[in-house]
Every structure is written in structure tokens, then in C-alpha cells.
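Every read-out reported here was derived from the displayed coordinates using simple, explicitly stated rules and does not represent laboratory data. As the structure is a computational prediction, the values presented were derived from the model and not from experiment. Cβ placement follows ideal geometry from the backbone for every residue including glycine, while neighbour counts extend to all protein chains displayed.
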Ligand code: G6P
């Protein structure tokens with residue numbers, strides 16, 4: 001949520017900032033801006049409502065070598081030029097990711113109203129830093145201001161009279177930094193500067209980072225020096241580029257076979273799941289009587305698959321909790337409960353806070369996370385990294401399938417450790433999981449057919465996704481995908497529940513995407529499909545039958561490769577992703593950057 005970048009060094013800053021913002025745009029794309037030091041030491045700002053390309057259009061030519069840049073996802077105050085960052089007040093300009101919760105009180109206590117021209121909480125912080133800045137010592141100002149702030153923040157601040165220096169401080173909101181021969185970089189996410197440095201460090205919470213042309217220094221708020229802990233990424237800039245695809249989303253859909261193999265292969269030894277390289281002990285699974293899965297959005301729907309799989313397969317009770325609800329509930333978990341948090345970014349604030357709450361009840365927390373070194377990964381007792389590589393499109397695709405694959409590994413491990421699976425059964429299960437990548441590769445070949453069939457969806461205003469069991473969990477993800485990028489209202493229903501109300505919404509031509517991959521409920525789902533078909537629905541059926549020609553069941557049938565039922569969801573979800581994708585592009589929409597959304601939700 002909001003992307004921030006800063007650079008000071010030997011190179012010209014403006015292009016680094018603009019290119020960095022383009023890479024961070026998935027975090028928010030309501031408005032964008034930069035601030036830099038002019039040669040005479042004064043601070044210049046360019047900012048506008050709109051995207052980074054709009055910002056680029058209003059930038060001048062300059063040779064500044066120090067600056068900060070921001071791309072906004074509006075929280076406080078509408079999408080206007082005045083509300084765009086950077087915010088400048090007196091001798092201070094800053095960019096911010098997060099929410100200052102006590103900004104009203106700060107305005108009143110420090111008499112800041114007269115200094116404000118925007119509606120943002122961020123400008124209040126700028127005014128406060130300015131009030132405490134004596135014109136010489138930025139660190140002293142930061143030390144005074146930070147204890148006054150409530151909420152989450154990642155600030156990059158530049159101070160007049162301290163040219164070519166950037167100061168940064170954060171609480172909760174992510175910020176990573178690097179230093180190399182070209183200069184020093186800071187950003188919300190390292191994709192912004194990975195072409196300059198693969199080594200980076202996470203700026204510790206409540207530490208002050210000082211960036212100069214010579215390098216960086218880090219200190220606690222009280223001045224105690226800190227050594228940064230450097231990490232290294234194992235992917236490069238090409239992983240964060242479109243690589244010939246028209247969009248990141250299409251690229252990421254197509255990357256799924258490789259991403260799944262990367263995620264599962266290192267955890268399979270002699271045909272069985274093995275988490276020893278992840279330092280996840282078998283004891284984590286031994287005494288676990290119940291499991292709570294916590295996540296948001298698509299990650300939560302991966303958790304729904306995990307729940308249905310583990311509960312049906314192993315008979316272990318599993319609850320899936322929406323992180324934003326869980327964090328304010330009184331969780332019924334004990335020290336024997338296993339809590340699994342799922343997050344692509346590892347920074348979703350609700351998931352992070354839910355994890356913190358869960359840790360007060362149990363030491364058995366396991367995070368399934370994609371971004372190395374992220375807050376959730378660091379704070380969880382154990383972490384199982386997925387290896388999807390950077391996911392840039394706002395709508396998650398490859399992160400979902402690798403999270404789901406991780407649940408399959410966990411389910412198999414649980415089954416073995418708790419003697420609910422024999423070795424033979426586990427070997428067969430893992431073999432089926434290893435086949436998933438090839439099966440998805442087959443499905444990807446259907447893209448032209450799926451694009452064609454979505455023409456029928458372009459004018460739809462309502463759609464329904466139905467299924468039972470694992471297919472129902474998948475319906476939820478399919479519906480979310482369609483609504484977030486095509487803006488068509490989509491609802492997921494357990495197929496048997498339709499007749500308790502929702503079927504009233506089915507009328508002539510309403511698209512229903514029906515999933516029927518689960519043998520034990522196949523005939524039941526088919527009956528439910530007939531019910532909607534009889535009321536005029538336009539039914540797209542996904543099943544593992546080679547042929548369904550019965551016109552009383554469906555209008556279009558998408559045959560999926562025949563696999564054991566438990567594994568059909570991997571193929572089916574890719575079809576659902578493509579339905580959403582081609583409906584979005586067919587409507588002329590930007591599938592990568594759907595309206596009102598952002599990828600990394602670091603505010604409540
Ligand atoms: C946002 C994104 C979704 C994502 C969800 C959870 O809503 O748009 O794609 O599933 O956040 O994000 P996380 O990084 O925790 O998986």
C-alpha cells in the first residue's frame with residue numbers, strides 16, 4: 001500500500017525514482033510524486049493525481065542526485081494533486097506509507113492547522129517534523145517526533161540544509177535499503193532497486209536510517225549504532241519484468257508450472273515431504289489437535305483449500321479465519337493448536353497482527369510466505385517459503401497455487417507424522433503433486449478457447465461460481481478473481497445452498513461457472529447445475545469428463561485432464577484465472593492494476 005523509493009549517490013536520481021515507482025506501482029496508483037535537491041540546496045517537488053506516467057509527463061530535466069518518490073493508494077483524503085506525496089512543510093519534505101492514527105490530536109496539540117493544505121495524515125507528520133527541525137539536526141527532530149506518532153509508518157524524509165541526505169524511519173510498514181558503488185537506495189520493496197543491488201537489509205522498526213552519497217548508517221532512536229543485517233535475493237530483475245507478455249498477470253499465470261516445481265521440489269526427498277531444510281521440526285505436526293489458518297484475500301482462499309483437504313483427508317479439525325476478524329476476536333486456540341498464516345507479501349497488516357495475537361496462545365505458528373525476510377516470515381515461529389518469485393499483478397495467481405501446493409505438502413506430512421497415512425499412500429500423494437505442473441502446462445494451452453468463451457461474459461452484470469467440497473473453495477477464488485479485475489459482480493455458492501435463496505437471482509443468460517471435479521458429489525452438483533440451467537443460466541462447466549454434450553447441463557464444457565479428485569483444483573483454478581483475465585482484457589481493462597485495489601495491504 002503506497003510505494004516509496006529514495007536514492008542518493010553518483011547517478012542522476014530522477015530516472016531511478018521514476019523507474020522505481022513504475023515497479024512499485026502495484027502498491028498503489030492513485031497519484032505519484034517526487035522531491036529532489038536542486039543544485040542550490042533547495043527542495044523541488046513534482047506530484048500529480050494519476051499514474052507514474054502522468055508524473056513523468058510533468059517532470060523537468062535536472063541533474064539532481066538525491067531524491068525521494070512515492071506512488072499513492074489513498075487512505076486519508078481523496079485522489080487530488082494536493083493530497084499526493086511528497087508533502088513539503090517549511091524545511092521538510094517527506095513521503096509516507098501507513099496511517100498516522102492520532103493526526104487530529106497532533107494538529108490540535110501542536111497547533112499545526114495553519115501549516116496544512118491537504119487532507120492527509122501525512123502532511124501533519126511533515127508539519128510536525130518541520131516544527132521540531134532546528135534547521136541543522138534532522139536526527140534530533142526524528143527523535144522528538146517519532147515517539148509522538150501512533151499508527152504505522154514508513155517515512156523517507158529530506159531536510160533543507162542537509163542536501164543529498166535522506167533520513168528514514170518506520171513502524172510496521174515495510175522498508176528495505178541497500179548500499180552499493182552507485183549510491184544508497186531505500187524502497188518499500190526491493191523490486192524497485194534490484195537492478196542495482198541484490199544485497200539488501202530490512203530497516204528495523206524504530207531505527208533511524210541515514211543515507212548519504214558515501215553510504216548508510218543505522219541507529220536506534222536513542223542513538224545506539226546498529227549493524228544492518230544483509231540478505232540476498234535469489235532472483236533478478238528479469239523476474240520482475242513482463243518478459244514479452246502484455247501484462248504481469250498473464251506472465252504470472254503462465255509461470256505457475258515452474259513456480260510449483262520450485263516450491264515443492266526442495267521439500268521432497270525419496271518421494272516424501274521433508275521440511276528439514278526449512279528447520280520445521282516433525283514435532284510441530286505431532287501433537288497438533290487442531291489447526292487455525294489465518295490470511296486475507298486470495299491467501300485465505302488457498303487456506304480454504306488447505307482446510308477442506310486436511311479435514312477430509314486426515315480428520316483433523318481446521319478453522320479458516322479472516323485475519324481482520326481474528327485479530328479482534330478472542331481466539332479459541334491452545335498451545336497444542338497449530339496456527340498457519342498465509343501471505344504472499346508477508347506484510348499484510350491484518351495477517352501480521354493476527355499472527356502476533358496467535359503467538360500469545362501458541363508457539364506453533366507456521367507462516368507460508370513468498371517474500372523472503374518479510375515481517376510475517378520473521379515473526380512466525382516457523383516459515384515455509386513459497387518460491388513463486390516476485391508477483392507484481394495485483395490479482396494473485398501464482399502465489400495462490402504455490403500456497404495451495406504448500407498445504408498439500410503439509411497435509412501429507414501431517415498424515416505421516418500422525419500415522420493417518422501409510423508410506424505407500426504418501427508416496428502416491430506426492431507423486432500426484434509432482435504431476436501438477438505438467439497438468440497445468442496442458443491447461444495453459446487452452447488459453448485461446450477460454451479467451452473466446454469469455455466474449456459471452458463481457459456484458460454480464462452478475463455471475464455465479466458453484467461447486468461442492470474442494471470445488472466450492474475454488475469457486476470463492478474464481479469469483480474473487482473475476483470481480484477484482486473485471487468489475488463484474490461474482491458470487492461463489494456451495495452448489496447445494498443455491499436453492500435457499502440465491503437461485504432467485506438466476507435468470508435468462510446469467511453466467512454460472514460450475515465446477516464438478518469431485519467424484520463423491522458429482523451427481524449432486526450435476527443436479528444443482530440442472531436447476532440453474534432450467535432457469536435460463538448460461539453454464540460453463542469444468543469437469544474431468546472428456547465430453548459433456550447434454551445441453552440440459554451446460555452450454556460450454558471445459559474438460560480437465562483426468563487426475564485424482566484431490567488434485568483437480570490446480571487445473572481448474574488456472575481455467576478460472578484465465579476466465580477472469582480474458583474477461584478483464586476483453587472489456588479493455590488493465591488487469592494488472594484494477595481500480596481501488598493495491599497488492600500489499602499494509603493498512604487496516
Ligand atoms: C490484497 C491483494 C490480494 C492478496 C491479499 C492478501 O488484497 O490484492 O491479491 O491475496 O491482499 O495479501 P498477502 O500478501 O497477505 O497474500
Treating every alpha carbon of the stretch 322-383 as one equal point scatterer without solvent, the Debye formula yields log10 I(q)/I(0) values at q = 0.21, 0.24, 0.28 Å⁻¹ of -0.71, -0.92, -1.20
Quick note, the chain: a/c under 1.5 would make it rounded; otherwise a/b > b/c is prolate and the rest oblate (a ≥ b ≥ c, C-alpha gyration tensor); here it is prolate
So, relative contact order of the chain in percent, Cα under 8 Å, 6 or more apart, is 12
So for the stretch 3-233, using the alpha carbon gyration tensor with a ≥ b ≥ c as root eigenvalues (a/c under 1.5 gives rounded; past that, a/b versus b/c decides prolate or oblate), I'd call it rounded
Expressed in angstrom and rounded, the centroid-to-centroid distance over alpha carbons for the stretch 208-282 and the stretch 569-604 is 23
Going from the fewest other Cβ atoms within 10 Å to the most, one would list 76, 269 as 269, 76
Here the gain from full extension of residue 451 to residue 139, 0.36 nm per residue of separation minus their alpha-carbon distance, amounts to 106.7 nm
Rounded to one decimal in nm, the spacing of the 7 Å Cα→Cβ label points at residue 12 and residue 241 is 2.1
Residue span residue 531 to residue 199: 0.36 nm per residue of separation minus Cα-Cα distance leaves a gain in nm of 113.7 nm
In the stretch 187-335 the DSSP beta bridges are antiparallel at a rate, in percent to nearest 5, of 70
For the pair residue 180 and residue 335, the simple spin-label estimate (label points 7 Å beyond Cα toward Cβ) gives in nm 4.7
Summing -39500 (n - 2.57) over every DSSP H run of at least 4 residues in the chain and dividing by its residue count gives a helix-only mean residue ellipticity at 222 nm, to the nearest 500 deg cm²/dmol, of -10000 deg cm²/dmol
Ranked on Cβ counts within 10 Å of their own Cβ, fewest leading, 156, 66, 180 go 180, 66, 156
Relative contact order of the stretch 18-60 (C-alpha contacts under 8 Å, at least 6 apart) in percent is 38
Per residue convex hull volume, Cα only, the stretch 1-137, in Å³ is 103
Assertion target for 268, 202, ordered by fewest C-beta neighbours within 10 angstrom first, is 268, 202
Between residue 459 and residue 60, the FRET efficiency computed from the C-beta separation at R0 = 41 Å comes out, to the nearest 0.05, as 0.35
The stretch 440-590: relative contact order from alpha carbon pairs under 8 Å, six or more residues apart, as a whole percent, is 30
Between residue 381 and residue 589, the FRET efficiency computed from the C-beta separation at R0 = 35 Å comes out, to the nearest 0.05, as 0.30
Counting only DSSP beta bridges fully inside the chain, the antiparallel percentage to nearest 5 is 65
Rounded to the nearest 0.05, FRET efficiency between residue 363 and residue 206 (Cβ-Cβ, R0 25 Å) equals 0.50
Rounded to the nearest 10 degrees, the helix 398-417 long axis (Cα) sits at an angle to the longest Cα principal axis of the chain of 60
Computed over all unlike Cα pairs, the Kirkwood hydrodynamic radius of the stretch 440-590 in Å stands at 14.9
Expected unfolding gain across residue 220-residue 102 under the 0.36 nm per residue rule, minus the alpha-carbon gap, is 40.2 nm
